[in-house]
1. Which ³J(HN,Hα) values in Hz, rounded to whole numbers, follow from the phi angles of the range B:48-55 under the Karplus curve 6.51 cos²θ - 1.76 cosθ + 1.60, where θ = phi - 60° and Gly and Pro get x?
2. Count the net charge of all other residues whose Cβ sits under 14 Å from the Cβ of C:GLY116, scoring Lys and Arg as +1 and Asp and Glu as -1.
3. Place a +1 charge on the Cβ of each Lys and Arg in the protein assembly as shown and a -1 charge on the Cβ of each Asp and Glu, then give the dipole magnitude about the Cα centre in debye, rounded to the nearest 20.
4. So how far, in whole Å, is the C-alpha centre of the range D:1-65 from the one of the range C:65-124?
5. Could you give each residue of the range A:76-84 its phi-based ³J(HN,Hα) in whole Hz, using Karplus coefficients 6.51, -1.76, 1.60 with θ = phi - 60°, and x for Gly or Pro?
6. Quick one: dipole size for chain D, taken about the Cα centre, charges +1 on Lys/Arg Cβ and -1 on Asp/Glu Cβ, in debye to the nearest 20.
7. Pairing the Cα long axis of helix C:11-24 with the longest principal axis of chain C, what angle in degrees results, from 0 to 90 and rounded to the nearest 10?
8. Taking the dipole about the Cα centre of chain C, with the C-beta of Lys and Arg at +1 and of Asp and Glu at -1, give me whichever of C:ALA87, C:THR10, C:ALA103 is farthest to the positive side.
4 protein chains.
Amino acid sequence: MAAFTDATTTVAELKTRVLAFVHERDWEQFHSPKNLSMALAAETGELMEHFLWATPEHSKAIANEPAKRARIADELADVVIYALEFANITGLDVAAAIEAKMAANAKKYPVEKAKGRSEKYDEL
Amino acid sequence: MAAFTDATTTVAELKTRVLAFVHERDWEQFHSPKNLSMALAAETGELMEHFLWATPEHSKAIANEPAKRARIADELADVVIYALEFANITGLDVAAAIEAKMAANAKKYPVEKAKGRSEKYDEL
Amino acid sequence: MAAFTDATTTVAELKTRVLAFVHERDWEQFHSPKNLSMALAAETGELMEHFLWATPEHSKAIANEPAKRARIADELADVVIYALEFANITGLDVAAAIEAKMAANAKKYPVEKAKGRSEKYDEL
Amino acid sequence: MAAFTDATTTVAELKTRVLAFVHERDWEQFHSPKNLSMALAAETGELMEHFLWATPEHSKAIANEPAKRARIADELADVVIYALEFANITGLDVAAAIEAKMAANAKKYPVEKAKGRSEKYDEL
């Protein structure tokens, strides 16, 4: 099997990979939307833990320290795995959802108003 | 532009889409790993909110209610968008990270020990 | 020093205890509202991890298993410690904030409408 | 009834206040440890949202803007309310748990090693 890379792997291939792992272990019984949303949130907590006390600027250096980088990649993988499994069990299409959300975001954050600004759309 | 679907869209295509949106608004300046990990975690909170008081079983029905389904898809999109943008700014390859993590998970959770069980690997 | 118990300890006493610990270590420099909100969120992730795959009903039994109970108490303590430290550095009065919030909640969730129901106030 | 303030209110008084609100609405049925840990985590997400794109330094100013301050106090109240209700339904003593955790933290972070440093204890 060829290695997975972002350039060559579709979202569906990743979803299938995750689902096969889950199915092989008979874990679908635990994978309700509720439980997966919790697992997803718990994993984002682990990702944040690498950056709690750093400045935003310094967090870039942390993500480049070799020892930390591998663990950060692991936490990011956990986050995306649970997001994909959430999509698997709910039947949602992630790429379509992203496209729809970005179209909505483009209306909420038109370039001419949002450029260089971090306020929420209702404060722009 | 053809519509994005999981079956036909690579992770890299989604990453590029997100990055273009960010770049157009000059938002890279806000997108440190620290800030993105926070935004990601905050979005998972919004996803969880749909399921707080439901049983795991009932959460499946919630994810199928048309009015809620659209909002749940939106929250899931937000989660994945921030995860992809985190990968963009750190230079991580999501698909490769998932493949590596699942290989590690397969060792921690061998089928014969983990089948049908929800315990953590150190309690199996 | 007498032991702390909920029955005899004021919120201010706990806040002072936390602040002394922080001050002794010269940690105020790391304790911005942003950083503390992240730490607080990360700790809630650790609390959730005990209950990810359990049913709500079974989560009660988990909280009573002696080995887990001690760890759960630890995670809960971490959550409240960071919440109190957030109040310390922002100058917020937790008890007053709770009283104000509960008065607002009482209006959003009048007993006759909310009794026995888990919907959000805008769906009641 | 006198107003609640941190200086004069015990943790037990706050716990009783929260429990009375819950009991009046017959909400104990929804308040398993699992569900409350989720609600707690979701509320911390809302607290974080105020600080996502700010620097840690600037987050102090945000917490002092009058309009935001009231909302931040509300989110903090929500966090502590759910933490106290978690303690209510599990029978945990928050003040005792904090005292025990801080004694353990004092061993993990002795002043002479931890002073002015933000590393985790296993990296000090």
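The values are calculated or read from the model by the stated rules, or taken from the named source; none is laboratory data. Remember, it's a predicted structure, so these values are computed and weren't measured experimentally. For neighbour counting, all protein chains shown are included, and Cβ atoms are generated from backbone atoms with ideal geometry for every residue, glycine included. Note: accessible area is taken over every heavy atom of the protein model, side chains too, but ligands, DNA and RNA are not part of it. Shrake-Rupley method; radii C 1.70, N 1.55, O 1.52, S 1.80 Å.
1. Result, rounded to whole Hz: 4, 4, 5, 10, 3, 9, 7, 6.
2. -1
3. 0
4. Measuring centre to centre over Cα atoms gives 3 Å.
5. 4, 4, 4, 4, 6, 4, 5, 5, 5
6. That gives chain D a dipole magnitude of about 440 debye.
7. Roughly 40 degrees, rounded to the nearest 10.
8. After comparing all options, I get C:ALA103.
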